[in-house]
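Where a number appears in this text, it was derived from the coordinates with a stated rule and is not lab data. For clarity, every value in this text was computed on a predicted model and none was experimentally measured. Because the Cβ atoms are built from the backbone with ideal geometry, glycine has one as well, and the counts that use them run over all protein chains shown.
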């Protein structure tokens, strides 16, 4: 008999306890307050009313306060006004029972413009590339844009801005900023995407070494005048150097492979360097030293503003591949800020083949 009573009590305990917990949670919720949105973002100067949900047993007024009034202030009615960029907590509190809730407010400057790395992106079929664009002044939002493709059959774009080439052709992608301007408008920008046939891959050339000679200059050369050595050519560079490009020299190694050496003045900082490939030029505002360091220590895929030149490598062991897209010509390049190859006191760029006419640095 006692055993049956104990069993019945245990069953009741199992059934009633969850109900008791649910009832306790429900009663606790009836005595709480909470913000409908626990995180919001505002631009400087914007206002927004915060909505608070009150439990059934909460009566009386809700008091609002800002923990940093310099970033954002809040009125008695819960209207937040953004003052300057930053993050602040807005506190809601009941007057009677002292219940609290917190809303985190991020304040940003109004969007002014969209900065893009390139207006044109060239892809092969099934190749992907992320759109490099940002809203200025800087945004803390993970997603800065929404995207719209004019021809989904040519290219697609993900919500994170990753483009994928699908079929040969040209498409336009419209970027629309999530943040707004002071006039309450969204910024827009358009990128052109061209999907082209895949160019043949090039293999990494070897660095000219061993018995290096310099071919004689074009035209008649007196037999008594032997070709200059690389050391003699470097010694001819004036000191102290004044220009960004000090010398471009063609050399031949034991295997007959031709390379072009460009010696750069690392101390040059006279307003940028212009690099022209088959007449298509791009100006770098950085110093010669910074450009050499970037070429030596980085790996990336980028284009010039017109989208006609593609510069890429996937690892530091690879040579840079510079592709003239309209001409379908690929050149290979390696750079050193400190010339550890031939021991000159200058920066060094090596390009495979005779590129003295195709590539100009000034």
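Here the spin labels are modelled as points 7 Å beyond Cα on the Cα-Cβ line, and at residue 87 and residue 110 they lie 2.6 nm apart.
Please state the relative contact order of region 113-196 as a whole percent: Cα pairs under 8 Å, 6+ residues apart? Computed over region 113-196, the figure is 35 percent. Scaled to the compact-protein estimate 2.2 N^0.38 Å, what is the alpha-carbon radius of gyration of region 113-196, rounded to two decimal places? The value comes to 1.09. Sorting the segments 72-79, 315-322, 102-109 by their mean number of nearby beta carbons within 10 angstrom, highest to lowest, gives 102-109, 72-79, 315-322.
Note on 130, 159, 48: ascending count of other Cβ atoms within 10 Å places them as 159, 130, 48, the fewest first.
Over all Cα atoms in region 33-145, the spread is summed up by Rg and Dmax: 19.6, 67 Å. Given R₀ = 25 Å, what would the calculated FRET efficiency be for residue 67 paired with residue 32, taking r from the Cβ atoms and rounding to 0.05? So the FRET efficiency works out to roughly 0.80. The length gained by stretching the chain between residue 302 and residue 197 to full extension, at 0.36 nm per residue less their Cα-Cα distance, is 36.0 nm. Straightening the chain between residue 76 and residue 190 buys 36.6 nm, computed as 0.36 nm per residue apart minus the Cα-Cα spacing.
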